[in-house]
1. Rounded to the nearest 500, what is the chain's calculated 222 nm mean residue ellipticity when only DSSP H runs of at least 4 contribute -39500 (n - 2.57) each, over all residues?
2. Relative to the present Cα-Cα distance, how much length would full extension add between Q43 and W68 at 0.36 nm per residue of separation?
3. Scan around L222 for amide H atoms under 5 Å from its own, H built in the peptide plane at 1.01 Å from N, and keep only partners 5 or more places away or cross-chain.
4. Excluding A218 itself, calculate the net charge of residues whose Cβ lies under 13 Å from the Cβ of A218, where each Lys or Arg counts +1 and each Asp or Glu counts -1.
5. Give me the angle, in degrees from 0 to 90, between the Cα long axis of helix 225-236 and the longest principal axis of the Cα atoms of the chain, rounded to the nearest 10.
6. Just the projected area, averaged over all directions, of the convex hull on the alpha carbon atoms of the chain: how many nm²?
7. In a GNM of the chain with a 10 Å cut-off on Cα contacts, which of V112, V156, V177 has the highest mean-square fluctuation?
8. FRET efficiency for N219 and A104, Cβ-Cβ distance as r, R0 = 45 Å, nearest 0.05?
Amino acid sequence: MTSPRPLSLLLDFDGTLVAIGETPDAICVSEELQGLMAQAVEQLEGRVAVISGRSLEQLDALWGRGLWPVTVAASHGLEMRHNGRLRAPPPSRIFASLSRATEARFGAQSGVVIELKSFGLGLHYRLAPRLRDALRDWAEECAVEHDLVVQPGDMVYELRLPGADKGDAVRAIMQRVPFAGSLPVYIGDDLTDIPAIDAARALGGRGIAVGSRIGEAANETLANPEEVQGWLRNLLA
Ligand SMILES: [Mg+2]
C-alpha cells in the first residue's frame, strides 16, 4: 500500500486569512497569524503558498519577513516568488496613469478608494455603493482602451493585465519542489478563487470556501477568517 500523499496549503489572503477592511490598507497581520504561517511552513516542509490579487510589494509591506519562507503568487499569479527567486513581468506604467485618470473622473471626495498595485488597479466602492455601476462602466472603458481585464470582486472592480489567473498560479506552484506530488488544499473567498479551487480539485486536492460567495465551487465552507485560523490550528496541532 502506498502512503497517503502529503498536503500542500494554498491560501488566498484578503477575506481568507484576514478580514476585509473598509479600505485595502486597513488590515493588519497579527502575530498569531505570523506564528501560524511559520508553523505551517515548518510542519508541511515548505508546502505553503499565498496566492493573492495584491502585489508582492503590498504583501511584503503587510507581512514583513513573515512571507519570506512562503511561496507567493501575487498580482493574481503574474508575480511569483519561490525559494527567494522572483519572476515578474516588466513594470507597467499604465496603472499609475489610470489611477490619476480615475481620481480626476470620480474625485477624491466620492468615497471611491483607488488601490494602485504593481500590475493592477483596484477600484473599491465599499464606501460608495451607489457608484458601483458607474465604476464598472469606467473600468470597462479603461480595459477596452488599454487591453486590460476587468476582474469583479468583493465591492471592487479590478483592472489588471491579461494572461494569468489564480488557477494558473496553482498549477505553476504544484509543479515545483516541494509541492509536486502533494495534495493541494486551496482556501479562498472570492470569485477570483474559483479557478484556483477548480485547479486544486483537478489535481486531486480540495477547495475550501470562506463565507457564502463561492460555496458551490468548494468541497466545504468555513464562515470567516477566524474559522480559517482555527482550521489551520487544528491541522497543525
Ligand atoms: Mg480574498
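1. -10000 deg cm²/dmol
2. So the extension gain works out to 7.4 nm.
3. Residues meeting the criterion, in which the H sits 1.01 Å from N, are A209, V210, G211.
4. Net charge in that neighbourhood comes out at -4.
5. 20
6. Projected over every direction and averaged, the Cα hull of the chain covers 12.9 nm².
7. For the chain, modelled as a Gaussian network with Cα springs under 10 Å, the answer is V177.
8. Calculated transfer efficiency: 0.50.
Just so you know, all these numbers are worked out from the coordinates, no wet-lab data involved. Since the structure is predicted, the reported quantities are computational estimates derived from the model, not experimental observations. No Cβ is skipped: glycine too gets one built from the backbone with ideal geometry, and neighbour counts run over all protein chains shown.
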